[in-house]
Amino acid sequence: MNITYIIGVVAALLVFLLGCVLGINIGPKAAGLDPITFTPTNLWNFFDAASIFIVIGCTFAIVVASFPASTLSSIPKHFGVMLNAAKFDPMKYIDQLVELAQTARKNGLLALEGKANEQEDPFFKMAIMLIVDANDPDKVRAILENDIECMSARHEDAASLYDKASSVAPAFGMVGTLVGLINMLAGMDPTSGGSNLGKDMGTALITTLYGCILAHMLFGPIANNLRIRDSEEVLCKQIIVEGIMSIQSGENPKALREKLLTYIPQGKREESGKSGGGE
């Protein structure tokens, strides 16, 4: 579970709600008032059904109009990818590649076919089979790198959906505000003294608030988390490519490990060394 995303969104929502109902009275003008006031009924000042309808409805409609059905149908999958804890562990792939290098050094590349069939990662399995089938090294690298590029492009398309929603929501928040102002001015009665002007203005501004909340508390974090997942997967696949090419060239397993460890931060390398030394 991606606990940091959940904590961040929940914390932002709680701070927002608390700010709506909490009053802090300090300074000369607060003389005689309680330092802190708590007014839960203030929350109703931030609710307007028509504003919610405009912002959410129009944002959803524009996103649907901007992307193909194949991308839209993957939205549940996007949430699954984002909320799951990182399943791509670089050290796991490095250990497997070193083991493959040892096997290939002892028994030849053909001995890796059985290892390939045990692989659950389709990219890793494909990479192993490419060198088992004695393909040209340049061809192997080109196929694998092209696969990574196409995968990353698909992931970027998914993240761009939420970027689009993040930019559209505040825009329709402003549209809703303009609608509210137009209605307010059209219904204004000069003879009434404008007693409802403040209330009507507040209602008109609520749509802008809703748009900002959707953009920065929902869509923005989703897009960023999807890109983080993409970078994690790309890193592991780059490690696989480099490891497979080194195995095909007959590189020493120990030298291979040292090479692949350069892909991960120094701290994780040291942790790996300690765990390896304890085995």
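Let me know the shape class of the stretch 2-128, please: from the alpha-carbon gyration tensor, a ≥ b ≥ c as square roots of the eigenvalues, rounded when a/c is under 1.5, otherwise prolate if a/b is greater than b/c, or oblate.
The shape class here is oblate.
What does a probe at VAL179 reach in the stretch 28-51, counting residues whose amide N is under 14 Å from the point 7 Å along Cα→Cβ?
Under 14 Å, as judged by backbone N against the label point of VAL179, lie 48-51 of the stretch 28-51.
What list of ³J(HN,Hα) values in whole Hz, one per residue of the stretch 34-40 in order, does the Karplus curve 6.51 cos²θ - 1.76 cosθ + 1.60 (θ = phi - 60°) give from phi, with Gly and Pro shown as x?
Values per residue, Gly and Pro as x: 5, x, 10, 10, 10, 10, x Hz.
Taking the Cβ of each residue in LEU218, LEU13 as the centre, tally the other Cβ atoms inside 10 Å and list the residues starting with the fewest.
Result, fewest neighbours first: LEU13, LEU218.
Got a sec? Charge dipole of the stretch 60-152, +1 on Cβ for Lys and Arg, -1 for Asp and Glu; which of LEU109, CYS150, GLY80 is way out at the positive end?
GLY80
Would you give the gap between the C-alpha center of the stretch 91-164 and the C-alpha center of the stretch 220-258, rounded to a whole Å?
9
Let me make sure I get this right: for the stretch 130-249, a, b and c are the square roots of the gyration tensor eigenvalues over alpha carbons, sorted descending. Under 1.5 in a/c it's rounded, otherwise prolate if a/b > b/c, else oblate. Which is it?
Here the stretch 130-249 falls in the prolate category.
With unit charges on the beta carbon (Lys/Arg positive, Asp/Glu negative), name the residue among ALA61, CYS212, ILE247 whose Cα is farthest towards the positive pole of the charge dipole of the chain.
About the Cα centre, the residue reaching furthest to the positive side is CYS212.
What's the extension gain from SER167 to MET1 if we count 0.36 nm per residue and subtract their Cα-Cα distance?
Value of the extension gain: 57.0 nm.
How far, in nm, would the chain grow between ALA69 and GLN266 when pulled straight, counting 0.36 nm per residue and subtracting the alpha carbon separation?
My answer for the length gained is 66.6 nm.
Among ASP121, ASP133, ASP34, which one moves the most in a GNM of the chain with springs linking Cα atoms closer than 10 Å?
In this elastic network of the chain, the residue with the biggest mean-square fluctuation among ASP121, ASP133, ASP34 is ASP34.
Is the stretch 39-87 best put as rounded, prolate or oblate by its Cα gyration tensor, with a ≥ b ≥ c the root eigenvalues, rounded for a/c under 1.5, and otherwise prolate when a/b is larger than b/c, oblate when not?
Since a/c reaches 1.5 but b/c is at least a/b, the shape of the stretch 39-87 is classed as oblate.
Label MET188 and HIS216 with points 7 Å out from Cα along Cα→Cβ: what is the distance between them in nm?
Calculated label separation equals 2.9 nm.
So, with +1 on the Cβ of K and R and -1 on the Cβ of D and E, and no other charges, what is the size of the charge dipole of the stretch 73-216 about its Cα centre, to the nearest 20 debye?
Here the size comes out at about 260 debye.
Find out how many positive minus negative residues lie around SER246, taking Lys and Arg as positive, Asp and Glu as negative, among other residues whose Cβ is under 14 Å from that of SER246.
Spelling it out: positives minus negatives among the neighbours equals +1.
Of all GluC sites (Glu not before Pro) in the stretch 81-141, which ones are in loop regions per DSSP and have a Cβ with at most 10 other Cβ atoms within 10 Å?
Of the GluC sites (Glu not before Pro), the ones in loops of the stretch 81-141 whose Cβ has at most 10 other Cβ atoms within 10 Å are GLU120.
All of the numbers you see were taken from the coordinates with simple rules; none came from a lab. Values in this document were obtained by computation on a predicted structure and should not be read as measured data. Don't worry about glycine lacking a Cβ; one is built from the backbone with ideal geometry, like all the others, and counts go over all protein chains shown.
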